[in-house]
Amino acid sequence: MSTSNGSGAAAAYRFNSGQKVIYWIVVLGGSAIAVSGYLLMFPFYGTDIQTMQSAEMAHGVIAMLFIAAMLGHIYIGTIGMEGAFEAMGAGTVDVNWAKEHHNLWLEEVRAGGQPRLAQQQPAATPGE
């Protein structure tokens, strides 16, 4: 197994590091927005003026950072990365794109093994 895909990017299985970063931005950013939002929805319930002001500032700042991250994600997924938009539309990528972005996963698929994180789908059965 190689540790790089030749283009200087880190080797990746099904999900590359950029996809993992977006996942954690959504999880942590969404949790922070929810917590600060609940503090704002229930004013003075176990809080004081200082905590309410801090919650409002945190809510606004985190929301703006979250929006900026999602706009960056949309840009990269559409026109910022060649082949990404076509991959979403068709559901497939060519071998060169897979080699550049998910090289370890491609090697595993080429070796004939079951790809990591792949789920076996049950065969469709007709209804009775």
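The values are calculated or read from the model by the stated rules, or taken from the named source; none is laboratory data. Given the structure is predicted, the values throughout are model-derived calculations rather than measurements. So basically every Cβ, Gly included, is an ideal-geometry build from the backbone, and we count neighbours across all protein chains shown. The area values use the complete protein model at the heavy-atom level, side chains included, leaving out ligands, DNA and RNA. Shrake-Rupley method; radii C 1.70, N 1.55, O 1.52, S 1.80 Å.
Using a simple spin-label model with pseudo-atoms 7 Å out from Cα toward Cβ, GLN53 and VAL21 lie 3.5 nm apart.
Give me the 1.4 Å probe accessible area per residue for the range 20-90, excluding ligands and nucleic acids, in Å². Display every interim value, and only then the final one.
Working: 5260 Å² over 71 residues.
About 74 Å² of surface per residue is accessible.
Once both labels are positioned 7 Å from their Cα atoms along Cα-to-Cβ, the gap between GLU107 and TYR38 label points is 4.4 nm. Derived scalar couplings between HN and Hα for the range 93-110 equal 10, 7, 4, 5, 5, 5, 5, 6, 10, 9, 5, 5, 5, 4, 4, 5, 5, 5 Hz in order, rounded to whole Hz, by the Karplus curve 6.51 cos²θ - 1.76 cosθ + 1.60 (θ = phi - 60°), x for Gly and Pro.
Show me the ranking of peptides 42-53, 87-98 by mean Cβ neighbours inside 10 Å, starting with the highest. Before the final figure, lay out each step's value.
Working: 42-53: 10.4, 87-98: 11.9.
So the order, starting with the most tightly packed, is 87-98, 42-53.
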